[in-house]
1. Does region 187-195 contain at least one residue that is over 29 Å from R401 (Cβ atoms), among the charged types (D, E, K, R) and outside any helix (DSSP H, G or I)?
2. Confirm whether T212 is modelled with pLDDT of 95 or more and in contact with an Asp or Glu (Cβ under 7 Å, 6 or more places away or on another chain).
3. Could you please find all residues in region 363-375 being within 30 Å of F162 (Cα to Cα), assigned to a strand (DSSP E or B) and of a type outside the set (G, A, S)?
4. Look at I95 and say whether it is more than 30 Å from P368 (Cβ to Cβ) and either in contact (Cβ under 8 Å) with a residue 12 or more places away in the chain or part of a helix (DSSP H, G or I) (or both).
5. Does L252 fit the bill of being free of Cβ contacts under 8 Å to residues at least 60 places away in the same chain, under 26 Å from the mean Cα position of the chain (by Cα) and not assigned by TED's automatic domain parsing to the domain that holds I355?
6. Do you know which of the residues in region 215-242 that are β-branched (V, I, T) and closer than 22 Å to H260 by Cβ is modelled with the lowest pLDDT?
7. Using the structure shown, decide if D376 is assigned by TED's automatic domain parsing to the domain that holds V185, surrounded by fewer than 22 Cβ atoms within 10 Å (Cβ to Cβ) and of a type outside the set (S, T, N, Q).
Amino acid sequence: MSDKKTCSTNCESAAELLNRACYCKTLKRDELLASLQAQALPTEVLQHHQQLFSHTAVFISPAQWQQLQLLVQTIMRVTALRAYQQAVLSHAPAIAQKPTPVSGVFMGFDFHLNETGPQIIEINTNAGGGFLNAVLLSAQTACCNAAGKYPQLLQPQVEAEFVAMFKREWQLARGDQALRSIALVDENPSAQFLYPEFLLAQAVFERAGIKTLIVDPQQLTWVDGELFYQQQVIDLVYNRLTDFLLAQPSNLVLRNAYEHNATVLTPNPHHHALYADKRNLVLLSDETILNEFGADPEDIKTLLAGIPRTQLVSADNAEHLWQERKHLFFKPATGYGSKAAYRGDKITKRVWEEILQGDYVAQLQVPPSERGILVDEEKTALKMDIRAYVYEGKIQLLAARLYQGQTTNFRTQGGGFAPVFVAG
């Protein structure tokens, strides 16, 4: 329910002002929980995820919305250039060089917002949270006078678009054959933090008439050219694994099935190599290299404005990067989920030596913006980033993550996923 007593902000004002000074509680939590339970999510699962959803919303300006779309479209154009693909695939393992007919579901573009506009922090090829945020979007109440600013897009529409995305992936690979079954695959799925989303996805696909299973990769078998879970043939695998190259022994069956075209795997190693390897940001933020790729001058201008300068960490530039570390953020090239990522002003000599021994990139630090929020009825501010869920260059859904700490997390009181709305 909207807490109007705590909000003195005119919600017709700029998005930045709303984020800083509007303390409305827009989430109808009881309605959200009822919706999740109606889709077969056990109460005990939800009780262990108290910080999954924040009770507030995040706002962006119309200009920021246009910039987000332009950046996504520009990246998709440049990454489609032959010279770019040759460059990134030249050092990729053979499994990632294998061409794929599918586009890759749930690409995630993560942004920080600053005074110059959205800045891409990283790109992911198996971004989690899409199904959860579709439900969250429909459990909001209007904030103050901003009812007219809320989008008309609701949960059923978003979910229908998600189903259509998976059907298109299947058609790209198999033509007019009917999509009969999907396996959502992750390591020990029920132990994953986003297991509630797996259950949601299963319910959505089942309502669309597609048999859907949640499976550990070690439960799969490959028999006579087909991928099975028990007696069920698996047509399409929705890949949530963080072993992006399917290199671990536990993923051998899935790897063999993918390499022999026995199943449709989305996203797959080819997508990760093209988009999510963080070394790609080095290329996409370097004007000289972009010119060598033959990128359009306007596209180059857009990328340089929207991607913080990123460099490979090497022995050759180690001394310089150490001196400049307070302005940099260090990330493993093939990392995910902020694991082993460090703000430069926080690293010790011991950590620095580990970075030098690893495969890291150094990205110009772009501090996250903040969202004012009530925690135990006390006003405070949480950091936020914006995630765009993208398919074939189109933004399907925006969501924010609110948190405290060096990197995004779901451990912050008052934090979690929040819907994103455009406010002028």
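1. Our first condition is that a residue be over 29 Å from R401 (Cβ atoms); within region 187-195, this holds for none.
There is no residue in region 187-195 that is over 29 Å from R401 (Cβ atoms), among the charged types (D, E, K, R) and outside any helix (DSSP H, G or I).
2. Spelling it out, T212 is indeed modelled with pLDDT of 95 or more and in contact with an Asp or Glu (Cβ under 7 Å, 6 or more places away or on another chain).
3. Here is the first cut: in region 363-375, the residues within 30 Å of F162 (Cα to Cα) are 368-371.
Now narrow it down to the ones that are assigned to a strand (DSSP E or B): 369-371.
Matches in region 363-375: E370, R371.
4. So I95 fits the description; yes.
5. Yes.
6. It comes out as V223.
7. So D376 passes the test.
Table: residues versus (1) modelled with pLDDT of 90 or more; (2) part of a loop (DSSP other than H, G, I, E, B).
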residue: S8; (1), (2): no, yes
residue: E12; (1), (2): no, yes
residue: A40; (1), (2): no, yes
residue: E44; (1), (2): no, no
residue: T56; (1), (2): yes, yes
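The values are calculated or read from the model by the stated rules, or taken from the named source; none is laboratory data. From a predicted model like this one, the values you see are computed outputs, not experimental measurements. Don't worry about glycine lacking a Cβ; one is built from the backbone with ideal geometry, like all the others, and counts go over all protein chains shown.
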